[in-house]
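These notes are about the structure you will find just below.
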Amino acid sequence: MTVRVRFAPSPTGYLHLGAARAALFNWLFARKCGGKFLLRIEDTDLQRSTDESTRSILEGLEWLGIGDYDEEVVFQSRNADKHRAAALRLIEEGKAYRDFTPKEDRADANVKREIAERARTAAAVEGVDHRSNPYRDLPLEESNRRGAAGEPFAVRLKVAREGRSRFEDVVYGEQVRDYSEIEDLVLLRSGDLSPLYNLSVVVDDIEMAVTHVIRGQDHLTNTHKQVLIYQALGTPVPVFAHLPLILAPNKAKLSKRKHGEVVSLTTYRDRGFIPAAFRNFLALLGWSPGDDREIMSLEELISRFSLEGIHRSNAVFNFNERDARQWTDQKALWMNAEYIRTMPLEELVPMVRSELESAGLWRPEYVAEERAWFERTIDLIRQRFYTLKDFSGQGRAYLSDDFEFDPQAVAKNLKKEPRLRELLPRLADHLERVEPWTTETVETALRAFADETGVKAGLLINSSRTALTGQAVGPSMFDVFDVFGRSRSVKRLRDAAQLV
RNA sequence: GGCGCCAUGGUGUAGUUGGUUAACACGCCGCCCUCUCAAGGCGGAGAGCGCGAGUUCGAGCCUCGCUGGCGCUACCA
């Protein structure tokens, strides 16, 4: 039996981190087993579903490098007829029943509280079985007649009164739940008979021949309801593997409302993350290969992935909303920097290119006559960058004459020593005569000039750094000179004298 | 309220069938390197494994209780 897994997001917003991770795990498992990775858009909630969201989910998967799903995307809303037919069949078989109780509208926002209150009062009123329903045992003929007569009804699954539901979860082990804990869940809404989530999921998973359901732990207890539907439908249940949740630093579930853009996958794309780095980071949230390896290529991730390596406790996504430097998990940032500095340059360059293009810093020469220079420069500056944004930010002075001077750097490296006003132009004169222009020759020349004028080489070096790059930090200065070339170096040294 | 799940340094994790001073990574601190900042190298602080019992010669690993967190509980998905 070939493995078939699916990622089934509901298109009600951007792609959430947790969902992205679930997608990744499904994908890894499919690739690992030589199985199929399917995609199903659970758009049954027409009110909240949007095409834009669907697009952004697709984009997100594409960006993560796992957008190569193996079959046509399934849109759940288009299968509503099948879902409905399944439920109606269950009525005929006596496994579900029409509930003619008038529909009660509940305020969506306060359900949680309502549930608790309902449970409390039910417990107070002795002997109330919240599953008792006068229509549960209505004779089929009467049910059919009333239904045919146009009386509105919902369809509920008939859950056995006694016994317990059980299934084996690959991650969480055996799950047992008493039937008395499970209500006769609604399969079809009264009125339009539109299918509800649990029914749709099961019917679609059967239709798509899904063999392994890998999804968030928030579905764990509801899985019992789905198992019941599988059984009613007479279909074997798939293997379930639930994933631990990803929590915010305050241990609450990560949510858009409370935590904002950190939870959106597109944020990471927009803020200059390398897909491979973020994917790598995500893979390590709730899963471990069992040893100390952390940096893993896609191939390694695939070969080392296993459902057994998923663990049970929730993971905290660690970030600090009040500190811009910690806008997201530090380890994710570290990993991104690690990728930027160590990945093959030819893989990095295209990403840098699109960043520069959107910042208006790209020049076609960079892939033509200036290609060697461009790559050397990128290779030099990437060593201390964290995101792709740095190439257009901190890296700007390397690529454009239109850049800003960091006031603190100017204060520290230029203004602090008045003699620089005169030394910088003289250094420029000196360097102008260096031939050939290399890291070594410039260094020799600069140090000789320092000796001549009786100042420390460091003074000249640091002021040069600010003069050429506008910054106080950066690569080894002689590499910077080298990359800037003679005329640009000399010009910036002279220009900077005015800032002293 | 009920039911379920979880619990190793600040965070992510490792911890084989219970057996030496609980390991790795991020972060933090210090030193080295050095023209700055990183990177890199070296070292350090930080958990005695949520708490309490029990089993055992011996428990982070087993048992029970408690506490805490989270999830589910809807004619939402």
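The values are calculated or read from the model by the stated rules, or taken from the named source; none is laboratory data. These numbers were taken from a predicted model, which means no experiment stands behind them. So basically every Cβ, Gly included, is an ideal-geometry build from the backbone, and we count neighbours across all protein chains shown. Ligands, DNA and RNA are stripped out before the accessible areas are found, and what is left, the full protein with its side chains, is counted by its heavy atoms. Shrake-Rupley method; radii C 1.70, N 1.55, O 1.52, S 1.80 Å.
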Practice task
Provide Rg over Rh for the range A:443-500; use the alpha carbon set for both Rg and the Kirkwood Rh (inverse mean inverse pair distance).
Solution key: 0.93
Completion exercise
Both in Å, the radius of gyration and Dmax of the C-alpha trace of chain A are 31.5, 109
Handout entry: FRET efficiency, 1/(1 + (r/R0)^6) with R0 35 Å, evaluated for residue A:103 and residue A:78 via beta carbons
Key = 0.90
Completion exercise
Taking a probe of 1.4 Å and leaving out DNA, RNA and ligands, chain A shows per residue an accessible area in Å² of 49 Å²
Handout entry: Per-residue SASA entry for residue A:346, accessible area with 1.4 Å probe, Å² rounded to 10
Key = 140 Å²
Fill in the blank from the handout: Residue span residue A:440 to residue A:113: 0.36 nm per residue of separation minus Cα-Cα distance leaves a gain in nm of 110.5 nm
Fill in the blank from the handout: Mean projected area, convex hull of alpha-carbon positions in the range A:344-400, reported to one decimal in nm², is 3.4 nm²
Fill in the blank from the handout: Output ordering of A:319-325, A:21-27 (per-residue mean of other Cβ within 10 Å, highest first) is A:21-27, A:319-325
Practice task
Report, ordered by chain and residue number, the lysines lying within cross-link reach of residue A:32, taken as a straight Cα distance under 27 Å and ignoring same-chain residues fewer than 8 apart.
Solution key: A:331
Completion exercise
Heads up, the range A:306-449 by the C-alpha gyration tensor (a ≥ b ≥ c square roots of eigenvalues; a/c under 1.5 rounded, else a/b over b/c prolate, else oblate) looks prolate
Fill in the blank from the handout: Excluding residues fewer than 8 positions from residue A:415 in its own chain, the lysines with Cα under 21 Å of it are A:456, A:491
Fill in the blank from the handout: Burial-style ranking of A:224-232, A:449-457, average other-beta-carbon count within 10 Å with highest first, yields A:224-232, A:449-457
Handout entry: For the range A:214-261 and the range A:426-489, distance of Cα centres in Å
Key = 60 Å
Fill in the blank from the handout: Carbon and sulfur atoms account, in whole percent of the 1.4 Å probe accessible area of chain A, for 49 percent
Practice task
First obtain the Kirkwood hydrodynamic radius of the range A:404-500 from its Cα pairs, then insert it into the Stokes-Einstein equation at 37 °C and 0.692 mPa s, and state the resulting D in µm² per second as a whole number.
Solution key: 256 µm²/s
Handout entry: Net length gained if the chain between residue A:487 and residue A:323 were fully extended (0.36 nm per residue, minus Cα distance)
Key = 55.0 nm
Completion exercise
Taking a straight Cα-to-Cα line shorter than 18 Å from residue A:95, and setting aside same-chain lysines fewer than 8 residues away, one finds A:82, A:158, A:225
Fill in the blank from the handout: Per the Kirkwood formula over distinct C-alpha pairs, the hydrodynamic radius of the range A:152-198 in angstrom is 12.3 Å
Fill in the blank from the handout: Nearest 10, in degrees from 0 to 90: the angle of helix A:51-64 to the longest Cα principal axis of chain A is 60 degrees
Problem - Per-pair calculated FRET efficiency, R0 = 30 Å: residue A:365 and residue A:476 via Cβ, rounded to 0.05 - result: 0.75
Practice task
Heads up, I need the accessible area for residue A:172: 1.4 angstrom probe, whole protein in place, Å², nearest 10.
Solution key: 40 Å²
Exercise for the section: State whether the range A:1-90 is rounded, prolate or oblate according to the following rule on the C-alpha gyration tensor (a ≥ b ≥ c being the square roots of its eigenvalues): a/c under 1.5 gives rounded; otherwise a/b larger than b/c gives prolate, and the remaining case gives oblate. Expected result: oblate
Practice task
Please find the FRET efficiency linking residue A:416 to residue A:373, where r is the Cβ-Cβ separation and R0 is fixed at 45 Å, and quote it to the nearest 0.05.
Solution key: 0.85
Problem - Difference of contour (0.36 nm per residue) and Cα-Cα distance, residue A:151 to residue A:433 - result: 91.8 nm
Practice task
With a point put 7 Å past each Cα toward its Cβ, work out how far residue A:144 is from residue A:192 in nm, to one decimal.
Solution key: 2.8 nm
Fill in the blank from the handout: residue A:451 and residue A:55 label points (each 7 Å along its Cα→Cβ direction) are spaced in nm at 6.6 nm
Problem - Computed label-point distance, nm, for sites residue A:231 and residue A:256 using a 7 Å Cα→Cβ extension - result: 3.7 nm
